[in-house]
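None of the figures in this text is laboratory data; all of them are computed from the coordinates on show. Computed from a predicted model, the values in this text were never measured in an experiment. Positions of Cβ are backbone-derived with ideal geometry, glycine not excepted, and every protein chain shown enters the neighbour counts.
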Amino acid sequence: MLSNEKITNYAAPLDLLADRVILVTGAGDGIGRAVARACAAHGATVLLAGRTIAKLEDTYDAIAAAGGCDAIICPIDIEGATSDDFQQFNADIESQFGHLDGLVNNAGILGQRTPLSHYKTDVWERVIKTNLSAQFELTQALMPSLQASSTGASIIFTSSGVGRKGRAFWGAYAVSKFAVEGLVQTWAAEVEGMGALRINAINPGATRTQMRATAYPAENPETLKTATDITPAYLYLLGDDSLGINGQSLDAQAAKK
Ligand code: NAP
């Protein structure tokens with residue numbers, strides 16, 4: 001059994017992701033931005049996917065200022081994207097790089113914090129599309145590029161504590177995260193033993209981002225880990241030290257004692 005400490009305290013070598021191409025969705029803000037920066041700092045070419053170009057440019061500038069490796073801005077609204085858009089995304093990666101070594105399905109939305117009896121159907125559909133269906137479609141479309149990785153691609157989906165144990169008023173968000181856990185287990189079982197490709201989930205835990213502040217407006221953000229604090233778990237799963245880890249749902253933060 002993989003120890004949580006091994007992941008949360010993971011000290012990544014600086015060249016961990018050298019020569020690798022890693023795609024991060026929601027790379028303009030919060031956890032995605034921090035993961036993209038950490039990947040670049042460890043040698044990767046990072047594809048910055050997201051829907052707000054100004055935010056992606058900001059992440060790009062931060063990577064460049066830190067002297068990181070290449071980053072490329074890839075505007076995409078995963079909620080509105082069609083299967084043709086996702087296929088085109090894969091075609092662009094294939095023609096430019098020939099392979100994709102890591103995919104971090106991080107983008108997500110919170111939806112409403114309200115009883116299910118009052119939950120709006122249109123919000124429900126948006127949350128399930130963004131947090132689940134679009135991530136499935138994107139990953140499926142990118143599979144040819146991921147399977148072309150010579151190092152064995154690592155696919156990460158983003159879960160949550162409310163995707164493991166139901167909690168009142170978390171509505172479609174909680175349901176989408178439960179489904180992400182099931183998607184990871186199902187897909188991981190299908191690729192088990194088929195080379196080094198691996199599919200896992202990460203639960204970031206309470207992290208100081210805009211989404212967390214919206215969900216817990218009365219909370220003091222200074223009491224929370226920053227998005228940068230939790231990047232070791234992502235680096236662990238993206239690099240060679242996690243070869244053979246497949247179908248797991250890992251915590252990016254140590255359990256509180
Ligand atoms: P965040 O600060 O709100 O960032 C979410 C990112 O997703 C933003 O970059 C956002 O882009 C992007 N995004 C949303 N909808 C999109 C769409 N349709 N197309 C493309 N990009 C889209 O949230 P976060 O806290 O970093 O959360 C990141 C992930 O961790 C989410 O999956 C979340 O559920 C999960 N998580 C977070 C916590 C926590 O405590 N923060 C805990 C458990 C799980 P824009 O900025 O352009 O809107």
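If you filter segment 227-256 down to residues that are in contact with a Ser or Thr (Cβ under 7 Å, 6 or more places away or on another chain) and part of a loop (DSSP other than H, G, I, E, B), you find that the one that is nearest to Trp187 (Cα to Cα) is Ala252.
Tell me, please, whether a residue that is in contact (Cβ under 8 Å) with a residue 24 or more places away in the chain, of a type in the set (Phe, Trp, Tyr) and either within 21 Å of Ile156 (Cα to Cα) or not in a helix (DSSP H, G or I) (or both) can be found in segment 114-129. Yes - at least one qualifying residue is present in segment 114-129. Candidates are the residues of segment 201-236 that are within 16 Å of Val162 (Cα to Cα) and of a type in the set (S, T, N, Q); the one that is nearest to the ligand (Cβ to nearest atom) is Thr207. Identify all residues within segment 6-31 that are surrounded by 16 or more Cβ atoms within 10 Å (Cβ to Cβ) and within 22 Å of Ala254 (Cβ to Cβ); write none if there are none. Across segment 6-31, the qualifying residues are Ile7, Thr8, Tyr10, Ala12, Leu16, Gly30, Ile31. Look at segment 229-247: where a residue is touching a residue at least 24 places away in the same chain (Cβ under 8 Å) and a partner is of a type in the set (Phe, Trp, Tyr), sitting 6+ places away or on another chain with Cβ atoms under 7 Å, you get Pro232/Tyr10; Ala233/Tyr10; Leu235/Tyr10; Tyr236/Tyr10; Ser242/Tyr236.
Take Gly111 and decide whether it is within 16 Å of the ligand (Cβ to nearest atom), surrounded by 15 or more Cβ atoms within 10 Å (Cβ to Cβ) and over 19 Å from Val35 (Cα atoms). It is true that Gly111 is within 16 Å of the ligand (Cβ to nearest atom), surrounded by 15 or more Cβ atoms within 10 Å (Cβ to Cβ) and over 19 Å from Val35 (Cα atoms).
Screening segment 32-69 for residues that are among the charged types (D, E, K, R) and under 16 Å from Leu235 (Cα atoms) and picking the one that is surrounded by the most Cβ atoms within 10 Å (Cβ to Cβ) gives Arg33.
Going by the structure shown, is Ile202 part of a loop (DSSP other than H, G, I, E, B) and either touching a residue at least 12 places away in the same chain (Cβ under 8 Å) or under 16 Å from Ala153 (Cα atoms) (or both)? It is false that Ile202 is part of a loop (DSSP other than H, G, I, E, B) and either touching a residue at least 12 places away in the same chain (Cβ under 8 Å) or under 16 Å from Ala153 (Cα atoms) (or both). Just to be sure, is Leu103 crowded, with 17+ Cβ neighbours inside 10 Å, within 14 Å of the ligand (Cβ to nearest atom) and part of a strand (DSSP E or B)? So Leu103 fits the description; yes. The conditions of being in a loop (DSSP other than H, G, I, E, B), over 23 Å from Gln253 (Cβ atoms) and either within 16 Å of the ligand (Cβ to nearest atom) or not aliphatic (A, V, I, L, M) (or both) are met by Gly152.
Scanning segment 16-72 for residues that are acidic (Asp, Glu), away from the ligand (no atom under 15 Å from the Cβ) and part of a helix (DSSP H, G or I) yields a single hit, Asp61.
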